[in-house]
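The values are calculated or read from the model by the stated rules, or taken from the named source; none is laboratory data. What you see is a predicted model, and the numbers here were worked out from it, not measured in a lab. Neighbour counts run over all protein chains shown; Cβ positions are idealised from the backbone, glycine included.
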Amino acid sequence: GQQVMQIPQYQHVQEGEDFTTYCNSSTTLSNIQWYKQRPGGHPVFLIQLVKSGEVKKQKRLTFQFGEAKKNSSLHITATQTTDVGTYFCAGTRRQGSSNTGKLIFGQGTTLQVKP
Amino acid sequence: KAGVTQTPRYLIKTRGQQVTLSCSPISGHRSVSWYQQTPGQGLQFLFEYFSETQRNKGNFPGRFSGRQFSNSRSEMNVSTLELGDSALYLCASSGTGTGGLGELFFGEGSRLTVL
């Protein structure tokens, strides 16, 4: 079953509003990656976080990795119609001192932006 | 640099048949992962190959199998197709040697419909 949970499943916002999607794992992750999939397209890599408490920004996008390395968030400031798509988090679970090597995806959050 | 190429893009099969999907990774990438994407389940990890060896495997029945050739091209096979196997099958390659820690470059996918 899914080991990385992502919420919400859907989000509709007015253009200009902010948007946040959350990713949670019951186990410690070695890393967290974020992907964006446009309608009809394939997932495209956005970013990877590996350090506890890490925060990275890409223009209007802010990514955070929790202190316990079990959760992450993606925040978009002032959404635009070009932000439409499904955002996936993906993490590799730790197993002892190493990682499992399996990149497991959350179910994704589909963002709709009303102009 | 050419991206990840998957063939065929679309195919229709009937229950009980088998199917083989092909994936050519980005030149120089030795890791190839396969994911099944369905509306209800998101991206489910099938398996990962690295240098012709299956390095990781997801929780799919034995009807799902794969292999990787010396040129890093990969194939996956699904035997005795069931209606529930209808999905978009995504292949992704990575240039990182450590499983789960590198950026995945996805192909456009092979959309399988089982009737």
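Among the strands (runs of 3 or more DSSP E) lying completely within the stretch A:33-115, list those that include at least 2 residues that are touching a residue at least 12 places away in the same chain (Cβ under 8 Å) and of a type in the set (A, V, I, L, M). Step through it out loud before you land on a result.
Working: elements: A:44-49, A:55-58, A:61-65, A:71-76, A:85-95, A:98-105, A:109-114.
Counting at least 2 such residues, we get A:44-49, A:71-76, A:98-105, A:109-114.
Against the test of being in a strand (DSSP E or B), among the charged types (D, E, K, R) and more than 12 Å from every other protein chain (Cβ to nearest Cβ), the options B:Arg15, B:Arg67, B:Arg55 yield a single qualifying residue, B:Arg67.
In the stretch A:37-55, of all residues being closer than 19 Å to A:Thr79 by Cα and away from chain B (no Cβ under 11 Å), the one that is surrounded by the most Cβ atoms within 10 Å (Cβ to Cβ) corresponds to A:Arg38.
Quick one: in the stretch B:98-115, which of the residues that are touching an Asp or Glu at 6+ places or on another chain (Cβ under 9 Å) and within 7 Å of chain A (Cβ to nearest Cβ) is nearest to A:Phe88 (Cα to Cα)? Show your work before the answer.
First, the residues of the stretch B:98-115 that are touching an Asp or Glu at 6+ places or on another chain (Cβ under 9 Å): B:99-100, B:112, B:114.
So of that shortlist, the ones also within 7 Å of chain A (Cβ to nearest Cβ) come out as B:99-100.
Working: B:Gly99: 18, B:Gly100: 15 Å.
Checking each candidate, the answer is B:Gly100.
In the set (1) hydrophobic (A, V, I, L, M, F, W, C); (2) in contact with a Phe, Trp or Tyr (Cβ under 7 Å, 6 or more places away or on another chain); (3) over 23 Å from A:Lys36 (Cβ atoms); (4) within 14 Å of chain A (Cβ to nearest Cβ), B:Phe60 fails one condition alone, (2).
For the stretch A:34-45, the count of residues that are in contact with a helix residue (DSSP H, G or I) (Cβ under 9 Å, 6 or more places away or on another chain) and closer than 21 Å to B:Thr96 by Cβ is at least one. Checked against (1) within 14 Å of chain A (Cβ to nearest Cβ); (2) at pLDDT 95 or above; (3) surrounded by 15 or more Cβ atoms within 10 Å (Cβ to Cβ), B:Tyr10 meets all criteria but (3).
Applying the condition of being under 25 Å from B:Pro61 (Cβ atoms) and more than 15 Å from the chain's Cα centre (by Cα) to the stretch A:3-28 and asking which residue is surrounded by the most Cβ atoms within 10 Å (Cβ to Cβ) yields A:Thr27. Only one of the numbered conditions (1) touching a Gly at 6+ places or on another chain (Cβ under 7 Å); (2) on the phi > 0 side of the Ramachandran plot is not met by B:Met76, and that is (2).
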